[in-house]
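Everything below concerns the one structure shown next.
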Amino acid sequence: MPPARVLLYLATVGVLVMSLRAILVGPPPLELSATAMTAYFALVLGGVFFLRWRVFVDAVVRGPRGARGVALTFDDGPHPKWTPRVLATLAKHEAKATFFLVARKAEEHPDVVRAILDAGHAVGLHSYAHDRLFALRREGRVRADLVRGIAALEKLTGRRPTLFRPPIGHTNPVIARVADKLDLTVVGWSAAGRDGVASANAEDVVSRVRRGLRDGAIVLLHDSPEKGNREPAAVRALPMILDALAAERLDVVPLAPWVEGQ
């Protein structure tokens with residue numbers, strides 16, 4: 001069990017004990033209560049915002065023990081201009097990646113989805129609509145979005161997606177429960193370039209990613225902006241990242257076998 005989840009369970013027990021004591025004996029000092037509740041809610045929010053903590057879901061955030069190589073993943077596509085650029089760079093370096101697609105965009109650009117598959121890359125689901133408030137939605141809405149996304153990608157690719165990365169990486173018990181019911185494996189990352197923001201530049205993206213390059217790493221990049229047509233910094237950073245991997249003698253490997261091995 002992930003350490004952060006154990007900590008949440010222990011903290012929950014602590015809050016319950018404190019509440020019971022307040023009923024039976026009397027309330028603890030206000031400063032102590034405020035500190036405890038602040039720490040508890042900070043832990044809960046951390047579980048929502050930081051997928052790699054795996055507080056609410058058994059996400060795959062790196063390769064299994066003994067894994068060799070690095071898995072590249074791309075979010076927020078497909079994009080008719082930038083995804084082909086990423087595909088061309090990957091082809092030049094004979095590297096394979098996993099693309100977590102926004103299903104709504106995939107329906108708009110089926111030719112790009114076909115190009116991804118024809119090049120031998122894998123596809124996962126990044127939700128249907130990429131709702132930034134996905135972690136605040138009720139279970140029915142979360143389920144409807146994912147069911148629609150699964151159906152859209154299955155129609156386009158001929159295969160039901162089994163890998164899922166939540167929008168902006170936020171998760172909670174509702175998302176975890178729905179993903180489990182739909183047989184979706186949640187995939188996170190261990191290294192990210194923070195290339196999805198408009199202010200990102202290629203050199204900074206490469207520097208951030210390089211810090212996390214080691215055997216078993218899952219790298220998060222973007223082949224499309226969340227909205228609009230801005231060039232993601234990863235498009236220019238990718239050749240340098242691939243060169244860095246070669247310099248470190250780290251192979252680019254498929255993600256799927258790592259997921260199946262956990």
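The values are calculated or read from the model by the stated rules, or taken from the named source; none is laboratory data. As the structure is a prediction and not an experimental result, all values here were calculated from the model. So basically every Cβ, Gly included, is an ideal-geometry build from the backbone, and we count neighbours across all protein chains shown. Just the protein is used for accessible areas: all its heavy atoms, side chains included, with ligands, DNA and RNA removed. Shrake-Rupley method; radii C 1.70, N 1.55, O 1.52, S 1.80 Å.
Remarks
- Rounded to the nearest 0.05, the FRET efficiency derived from the C-beta distance between Arg160 and Lys92 at R0 = 25 Å is 0.20.
- Accessible area expressed per residue, segment 21-129, with surrounding protein chains retained (probe 1.4 Å, Å²): 50
- Full-extension gain in nm, Arg5 to Thr35, via 0.36 nm per residue minus C-alpha separation: 8.8 nm
- A Förster radius of 51 Å, combined with the Cβ-Cβ distance separating Asp118 from Ser19, puts the computed FRET efficiency at roughly 0.30.
- Taking the accessible area of the chain, probe 1.4 Å, and keeping the other protein chains in place, the carbon and sulfur fraction comes to 56%.
- Label-reachable residues, segment 223-254, where backbone N falls under 15 Å from a point 7 Å from Glu108's Cα toward its Cβ: 223-232
- Each peptide in 88-96, 37-45, 183-191 gets a packing score, the mean of other Cβ atoms within 10 Å over its residues, and the list from highest to lowest is 183-191, 88-96, 37-45.
- Between Glu139 and Phe49, the FRET efficiency from the beta-carbon distance, with R0 = 22 Å, is close to 0.65.
- Aspartates and glutamates with Cα under 17 Å of Lys227, excluding same-chain neighbours fewer than 8 positions away: Asp75, Asp76, Glu107, Glu108, Asp131, Asp195
- Å² per residue, accessible surface of segment 135-193 at 1.4 Å: 48
- Applying 0.36 nm per residue to the separation of Arg177 and Arg208 and subtracting their alpha-carbon distance, the gain on full extension is 7.9 nm.
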